[in-house]
1. Please specify each residue of region 1-20 satisfying the condition of being over 18 Å from residue 52 (Cα atoms) and loosely packed, with under 13 Cβ neighbours inside 10 Å.
2. Consider region 39-62. How many of its residues are touching a strand residue (DSSP E or B) at 6+ places or on another chain (Cβ under 6 Å) and farther than 13 Å from residue 5 by Cβ?
3. I'm trying to understand the selection: among the residues of region 31-56, which are under 12 Å from residue 74 (Cα atoms) and in contact with a helix residue (DSSP H, G or I) (Cβ under 9 Å, 6 or more places away or on another chain)?
């Protein structure tokens, strides 16, 4: 397993729910993206990505899309724990 990250994506105002599903498909086609869900709450989409080294280029690509307002990135810690 490489580096896994959750991208919490907020769309600009004016993107309706039907549009969000189309945008989710757009992001899901990007390299490193495993899947995307349309959500309700403080963000509009949640994408899970995995890479052997870094997801920085993906984050930059997503944040530069013209309909994206903001992207928060949560990187999964690699250390295993027993609980």
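Only the coordinates and a few stated rules stand behind these numbers; no lab work does. What you see is a predicted model, and the numbers here were worked out from it, not measured in a lab. Every residue, glycine among them, receives a Cβ derived from its backbone with ideal geometry; neighbour counts consider all protein chains shown.
1. 12, 13, 14, 16, 17, 18
2. So the count comes out to 4.
3. Answer for region 31-56, where residues must be under 12 Å from residue 74 (Cα atoms) and in contact with a helix residue (DSSP H, G or I) (Cβ under 9 Å, 6 or more places away or on another chain): 47, 49.
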